[in-house]
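One structure is given here, and the rest of the page talks about it.
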Amino acid sequence: MRVLFVCLGNICRSPTAEGVFRRLLEERGLDDRVQVDSCGIGDWHLGKAPDDRARQAAERRGIDISALRARQLADTDFHRFDYLLAMDHDNLAVLRSRAPQDVVGHLGLFLGFAGLDGRAVPDPYYGGDQGFEEVLDLVEIASRGLLDDILGRLEAAS
Ligand code: 4NP
């Protein structure tokens, strides 16, 4: 199973989701069965490490995202991932507009897996530290829901 988290810059929300979800997989011993990546829609921060505020907020919860580097969404991603999960409606609109007709992966809002249908992970880039804590809170809840969904699919396939 392969999961791709998508936001605008790939320096705040999606690397946070990648770090949180990867740790959850490690805790459950599933990191060899599920691969995780993240990317951005825009190209402003290509090759950059996560925003310091995102890195520090994750660090406070024991998650190290400092080695991640920003990359941009590629057309090949649509055939590589089983889940392409957008942080907000703009990201999702771009995913939908660029997806090839034969895409098989699930395209949706990440917070759909938190039982928060239609809700976005708010962009924390222009706000204060509290925004980054809120991102983590939401991402932690959605990560548990996503893991349940993946476990269901893995069980159905076995
Ligand atoms: P992200 O946050 O999409 O969560 O990585 C942003 C990062 C950079 C910008 C906007 C949002 N920016 O405008 O540069």
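The values are calculated or read from the model by the stated rules, or taken from the named source; none is laboratory data. Since the structure is predicted, the reported quantities are computational estimates derived from the model, not experimental observations. Cβ atoms come from the backbone with ideal geometry, glycine included; neighbour counts cover every protein chain shown. Side chains included, ligands, DNA and RNA excluded: accessible areas come from the protein's heavy atoms. Shrake-Rupley method; radii C 1.70, N 1.55, O 1.52, S 1.80 Å.
Of the residues making up the range 43-51, none is surrounded by 21 or more Cβ atoms within 10 Å (Cβ to Cβ) and of a type in the set (Phe, Trp, Tyr). Inspect the range 134-155 for any residue being over 14 Å from residue 17 (Cβ atoms), part of a loop (DSSP other than H, G, I, E, B), more than 15 Å from the ligand (Cβ to nearest atom) and of a type in the set (A, V, I, L, M, F, W, C) and give the result as yes or no. Scanning the range 134-155, I find no residue that is over 14 Å from residue 17 (Cβ atoms), part of a loop (DSSP other than H, G, I, E, B), more than 15 Å from the ligand (Cβ to nearest atom) and of a type in the set (A, V, I, L, M, F, W, C), so the answer is no.
If you check 84, 107, which single one turns out to be out of contact with any Ser or Thr (no Cβ under 8 Å at 6 or more places or on another chain), free of Cβ contacts under 8 Å to residues at least 60 places away in the same chain and open to solvent by less than 60 Å² (accessible area, probe 1.4 Å)? So that I can check it myself, show each step before the final result.
Details: 84 fails: free of Cβ contacts under 8 Å to residues at least 60 places away in the same chain.
So the residue among 84, 107 that is out of contact with any Ser or Thr (no Cβ under 8 Å at 6 or more places or on another chain), free of Cβ contacts under 8 Å to residues at least 60 places away in the same chain and open to solvent by less than 60 Å² (accessible area, probe 1.4 Å) is 107.
Residues of the range 3-17 being of a type outside the set (A, V, I, L, M, F, W, C) and either touching a helix residue (DSSP H, G or I) at 6+ places or on another chain (Cβ under 6 Å) or open to solvent by less than 10 Å² (accessible area, probe 1.4 Å) (or both), which ones? The answer is 10, 13, 14, 15, 16. Restricting the first member to the range 41-52 and to residues that are more than 15 Å from residue 18 (Cα to Cα), and the second to residues that are assigned to a helix (DSSP H, G or I) and hydrophobic (A, V, I, L, M, F, W, C), the beta-carbon pairs closer than 6 Å and six or more apart or on different chains are 41/94. Looking across the range 23-44 at every residue that is within 9 Å of the ligand (Cβ to nearest atom) and not small (Gly, Ala, Ser), the one that is farthest from residue 140 (Cα to Cα) is identified as 44.
Looking across the range 1-22, the residues that are under 13 Å from the mean Cα position of the chain (by Cα), away from the ligand (no atom under 16 Å from the Cβ) and touching a residue at least 40 places away in the same chain (Cβ under 8 Å) come down to 2, 3.
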